[in-house]
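What follows is one structure encoded as structure tokens, with my remarks underneath.
Every number in this text was worked out from the coordinates using simple rules, so none of it is lab data. Just so it is clear, the structure is predicted and the values come from calculations on it, not from any experiment. Note that each Cβ is placed from the backbone with ideal geometry, even for glycine, and that neighbours are counted across all protein chains shown.
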Amino acid sequence: MRVYVPLSLPALAEAHKTGELGSGPFVAYAVTPALREWYLSDDIEELEYAALSRAAQASLRLLAADPGAQRRRVVVAVDVPDGAATADTGRGSDPAALGEVTVASAVPLAKAAAVHVDADDAEAEVAAAADALAAADGGDDDAQYVVDEADDHELLWYATQEIPSLVGQA
């Protein structure tokens, strides 16, 4: 099963140093039954893109919580054995939980398929979105517009061999 792990550049640097993603259990995003139902598509590529987008939103939350982190969203795509990730059915129809899974234990970074990171030119809008997140959560439409602007930036794809150069920028 492919899962998408939201990180920041400092967290990616830590994973590179330790060789592991998460310390278990940790939250990731995947194509879950709830995400399939919400997205109304059978196209696996579209569904995986939706899960990746959910992880990018979670990465933005990590940035909001860490003002010192470089303002670039990071998502690591990693393959885990079936059953290693479980959907949280206790949150029901909570839109924030769509695609959310819990990975039971740490995953070797060597299992990563790719890393997705914002381009340098996205930093200003990602920074503004991280700053506006709390107000957007509180229902401020203007703040939500600022948060949505970050989603206009596509995350770039990087091979796992490029992680050392990515974390050198952290």
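Values for this structure:
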item: Per-region count, segment 23-76, residues hydroxyl-bearing (Ser, Thr, Tyr) and either crowded, with 19+ Cβ neighbours inside 10 Å or touching an Asp or Glu at 6+ places or on another chain (Cβ under 8 Å) (or both); result: 5
item: Entirely in segment 64-170, the strands (runs of 3 or more DSSP E) that have 1 or more residues that are under 21 Å from Glu14 (Cα atoms); result: 74-79, 100-103, 112-117, 156-158
item: Check on Gln144, under 17 Å from His16 (Cβ atoms) and in contact with a helix residue (DSSP H, G or I) (Cβ under 9 Å, 6 or more places away or on another chain); result: no
item: Selection count where residues are outside any strand (DSSP E or B) and surrounded by 14 or more Cβ atoms within 10 Å (Cβ to Cβ), scope segment 1-22; result: 11
item: Checking Ser41 against (1) in contact (Cβ under 8 Å) with a residue 24 or more places away in the chain; (2) touching a Leu at 6+ places or on another chain (Cβ under 8 Å); (3) not basic (Lys, Arg), the condition it does not meet; result: (1)
